[in-house]
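Read through the structure below, which is laid out as structure tokens, and then see the notes.
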Amino acid sequence: MTAFLDASSASSTDEAGAVAMFAKVRQAADTLPEPSRMLMTMVNERDVAALGPKLFPYIEELGGFPALSPARSAPAKAPVFLLHGSEDNVIPSIETPLIAAYLQAHGNPHVEWLLTPLLSHANVRPAGAREVWKLIQLWKDILSSE
């Protein structure tokens, strides 16, 4: 799994190296016993829709702490600001609006979120003035919140 994360991180700075690392991860996945092979293949293919339900039976074993899941934790009542890279290649950006909607549906009216092409998973990326302005607006809201 760390090899997958390393390859994901390298994809924004060393594309050729990342391609080679992903190829190694895919080859390694083929040698795993089931169900690990199936799960790692879904990770490699970034098939989040299929992976989530397959991982569900292992959640308790892997760390079923309530804090690891918004659905199992008390929803935050404090203002929440979510910032996510729209080009994140590790955590699907669809997670941000889903978490925002969950918090709002469970009584938190103070949720703001921004998906921005200025960020990948861990790197700042070039983008236009409009995207920079959206990020400045979010930071203004964060800094002026009570």
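Counting only C-alpha contacts under 8 Å and six or more residues apart, can you give the relative contact order of the chain as a whole percent?
The value is 18 percent.
Which cross-chain or sequence-distant (5 or more) residues have an amide H under 5 Å from the amide H of Val111, H modelled 1.01 Å from N in plane?
Sorted by chain and number, the residues that satisfy this are Val80.
For Lys140, give me every one of the lysines with a C-alpha distance below 24 angstrom, ignoring sequence neighbours fewer than eight places off in its own chain.
Lys77
Please work out the FRET efficiency for the pair Thr31 and Glu60, using the Cβ-Cβ distance as r and a Förster radius of 35 Å; give the result to the nearest 0.05.
On the way: r = 27 Å, r/R0 = 0.77.
Step by step, r from the Cβ atoms, then E = 0.80.
What is the gain in length, in nm to one decimal, between Lys140 and Leu98 on full extension, counting 0.36 nm per residue of separation less the C-alpha to C-alpha distance? Kindly include the intermediate steps, with their values, before the conclusion.
Working: separation 42, 0.36 × 42 = 15.12 nm, distance 2.31 nm.
Computed gain between Lys140 and Leu98 is 12.8 nm.
Can you show me the helix-derived [θ] at 222 nm for the chain, built from DSSP H runs with n ≥ 4 at -39,500 (n - 2.57) apiece and divided by the number of residues, rounded to the nearest 500. Please report the intermediate quantities before stating the final value.
On the way: 7 runs with 74 residues, N = 146.
Rounded to the nearest 500, the figure is -15000 deg cm²/dmol.
For the chain, what is the charge dipole size about the Cα centre, in debye to the nearest 20, if Lys and Arg each add +1 at the Cβ and Asp and Glu each add -1 at the Cβ? Let's see the in-between values first.
Details: 11 positive and 16 negative charges, 39 e Å.
So the magnitude is around 180 debye.
Which Cα, out of Ser93, Val48, Leu138, lies furthest along the positive dipole direction of the chain (beta carbon charges, K/R +1, D/E -1)?
My answer, from the dipole projection, is Leu138.
Of the options Ser36, His106, Tyr58, report the single residue whose Cα projects farthest towards the positive end of the charge dipole of the chain (beta-carbon charges: Lys, Arg +1; Asp, Glu -1).
With unit charges placed on the Cβ atoms, the residue in question is His106.
Would you work out the relative contact order for the stretch 87-145, in percent, from Cα pairs under 8 angstrom that are 6 or more residues apart? Let's see the in-between values first.
Numbers: 43 pairs, mean separation 18.8, N = 59.
Averaging sequence separation for qualifying contacts and normalising by length gives 32 percent for the stretch 87-145.
We did not get these values from a lab; they are worked out from the coordinates using the rules stated. The structure displayed is predicted, hence computed values, not measured ones. Note that each Cβ is placed from the backbone with ideal geometry, even for glycine, and that neighbours are counted across all protein chains shown.
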